[in-house]
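Below is one structure, written out as structure tokens, with a few remarks after it.
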Amino acid sequence: MPGQVAPNNSLATEPAQANLSFVLQEIENVSFEDRPIVPPKPGQVQVNIRQTGLCASDCHYVHHGRIGDFVVRKPMVLGHESSGIVTAVGEAVTTHKVGDRVALEPGVPCRSCHVCLNGDYNQCADLEFAATPPHDGTLCTYYNIQSAFAHHVPDSMSLEQASLMEPLSVAVYSAAMRGQVKAMENVLVFGAGPIGLLNAAVCKAYSAKRVVVVDVVDSKLQFAQEFCATSTFKPSLPNDGETKIDSATRNAQDLIKSLGDDVAARDGFDLVLECTGAEPCIQMGIQALRPKGRFVQVGMGRSQVEFPITRVCVKEINVTGSFRYGPGTYKTSINLVSTGLIDVTKMVTHRFLFKDAIKAFDVTTKGVGEDGKTAIKVQISQGEAKQ
């Protein structure tokens with residue numbers, strides 16, 4: 001039987017007595033299942049999930065049944081951006097107690113292999129990531145996880161905010177750790193989806209001088225301007241007879257010229273965070289960097305693209321990849337939000353109850369709600385009081 005929730009958690013409902021779960025049965029086939037409530041193993045905590053944010057990867061599994069080599073071969077619970085209340089603790093857990101409010105880090109590594117011991121646990125070959133086949137996700141009533149990956153959040157933080165620590169940690173890792181953003185730098189971010197917006201927000205929180213967001217959707221650019229960007233840019237389509245690289249170069253030059261000031265004087269941006277995976281954005285990003293600038297590939301698209309390698313060599317550009325998050329990113333993310341440097345709730349455009357999860361997925365997939373508004377971040381509530 002699940003433990004009782006502490007009285008000071010500001011929740012509207014007590015823990016449910018069943019483990020209702022939102023399950024991908026097969027491609028284009030999702031349904032609710034009542035699954036067993038499993039006691040936490042030694043070292044684990046049991047969490048009553050209260051908030052879950054939807055990610056594009058969740059929808060991709062629904063409609064395609066796979067992402068790269070990860071193929072859904074059996075029914076799988078969806079979701080991985082979650083927060084909740086600890087309802088039980090396993091043997092030997094001394095860091096948590098029933099009633100603790102936590103943000104879940106959904107990727108649990110082995111913690112014993114060479115890469116884990118080296119601090120690079122996001123590269124662990126045996127990492128178990130929620131809602132990545134064959135592992136079930138967090139869009140359920142009760143979820144068990146290793147206690148070290150259930151991060152305490154302050155009382156001032158809502159559980160909606162806490163669930164957004166997952167995508168924010170992605171941005172902290174790519175912008176601050178991989179990109180090494182510094183105060184007074186000029187940063188160019190490609191993509192005005194959740195990850196791009198949060199990368200831009202992290203750069204602004206780290207005192208970047210200029211944070212420019214690039215996208216091709218006007219409503220997303222407007223949202224970015226209101227959320228965190230100092231300015232935005234919509235690249236034009238290739239001219240007749242213009243090659244892809246030439247088009248990318250022209251757009252990069254047009255952007256730099258339009259900004260003038262220190263960006264033009266330095267022949268480009270200090271840091272580019274590419275959050276789309278789209279070939280034209282990758283090409284434009286490389287062209288927009290100053291000599292010895294830094295390029296971080298965050299978004300994943302096609303496995304192979306045409307890449308301007310000559311410019312990388314001649315301009316001595318530093319190119320790096322970024323995958324999920326690493327040690328310390330959750331702690332940093334929680335601090336950024338709890339101190340008011342980033343307001344993640346502004347990014348939430350649509351909210352649904354758990355019973356309406358199918359509608360939530362539909363809005364995320366379409367990118368627009370029934371209200372006609374562009375969907376940036378869609379949240380599913382499983383019992384938290386209205387904030």
**Fill in**
Using the Kirkwood radius over Cα pairs of segment 73-120, the Stokes-Einstein translational diffusion coefficient at 10 °C and 1.306 mPa s, in µm²/s and rounded to a whole number, is 116
**Asked** Under Stokes-Einstein, with the Kirkwood radius over Cα pairs standing in for Rh, what whole-number D in µm²/s applies to the chain at 25 °C and 0.890 mPa s?
**Response** 113
**Item:** FRET efficiency for D120 and S207, using Cβ-Cβ distance with R0 set to 30 Å, rounded to 0.05
**Value:** 0.65
**Request:** First measure r as the distance between the Cβ atoms of S219 and Q304, then evaluate 1/(1 + (r/R0)^6) with R0 = 22 Å and state the FRET efficiency to the nearest 0.05.
**Result:** 0.10
**Prompt:** In Å, what Rg and Dmax follow from the Cα atoms of segment 22-83?
**Reply:** 13.1, 36
**Prompt:** Summing +1 for each Lys or Arg and -1 for each Asp or Glu, what net charge is found among the other residues whose Cβ lies under 15 Å from the Cβ of H60?
**Reply:** -3
**Complete:** In nm, the gap between the two label points placed 7 Å beyond Cα toward Cβ at F323 and S231 is 3.7
**Request:** Would you mind computing Rg(Cα) / (2.2 N^0.38 Å) for segment 249-387, counting N as its residues?
**Result:** 1.35
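Once the cut-off is 13 Å, how many percent of the Cα-Cα pairs in segment 276-328 end up in the long-distance tail?
On the way: 815 of 1378 pairs.
When every Cα pair of segment 276-328 is considered, 59 percent fall beyond 13 Å.
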**Prompt:** Tell me, what is the Rg over Rh of segment 331-387, with Rh the Kirkwood radius over Cα pairs?
**Reply:** 1.05
**Prompt:** segment 338-384 to segment 127-202: how many Å between their Cα centroids?
**Reply:** 16
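Which FRET efficiency, nearest 0.05, do T374 and A92 yield, Cβ-Cβ r, R0 51 Å?
The pair T374/A92 has a calculated efficiency of 0.65.
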**Item:** Prolate/oblate/rounded label for segment 186-268 (Cα gyration tensor, a/c 1.5)
**Value:** oblate
**Request:** For segment 207-306, state which GluC sites (Glu not before Pro) are in a DSSP loop and have at most 14 other beta carbons lying within 10 Å of their beta carbon.
**Result:** E242, E306
**Item:** Principal-axis tilt of helix 357-366 within the chain, Cα atoms, nearest 10 degrees
**Value:** 10
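Please tell me the relative contact order of the chain in percent, rounded to the nearest whole number, where contacts are Cα pairs under 8 Å and at least six residues apart.
Computed value for the chain: 17 percent relative contact order.
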**Item:** Spin-label pair D69/E26, simplified geometry with 7 Å Cα→Cβ offset, distance in nm
**Value:** 2.6
**Item:** log₁₀ of I(q)/I(0) at q = 0.17 Å⁻¹ - segment 172-321, Debye sum with one point per alpha carbon
**Value:** -0.88
**Prompt:** Is there a pair in K204/K359; K346/K366; K182/K331; K182/K292; K182/K244 whose C-alpha atoms are over 22 Å apart, and which pairs would that be?
**Reply:** K204/K359; K182/K244
**Request:** Would you kindly state how much longer the chain becomes between A56 and V38 on full extension, computed as 0.36 nm times their sequence separation minus their alpha carbon distance, in nm to one decimal?
**Result:** 3.6 nm
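Throughout, read-outs are computed from the coordinates displayed, never taken from laboratory work. Owing to the predicted nature of the structure, the values given are computational and were not obtained by experimental measurement. Please note: Cβ atoms are built from the backbone with ideal geometry, for glycine as well, and neighbour counts cover all protein chains shown.
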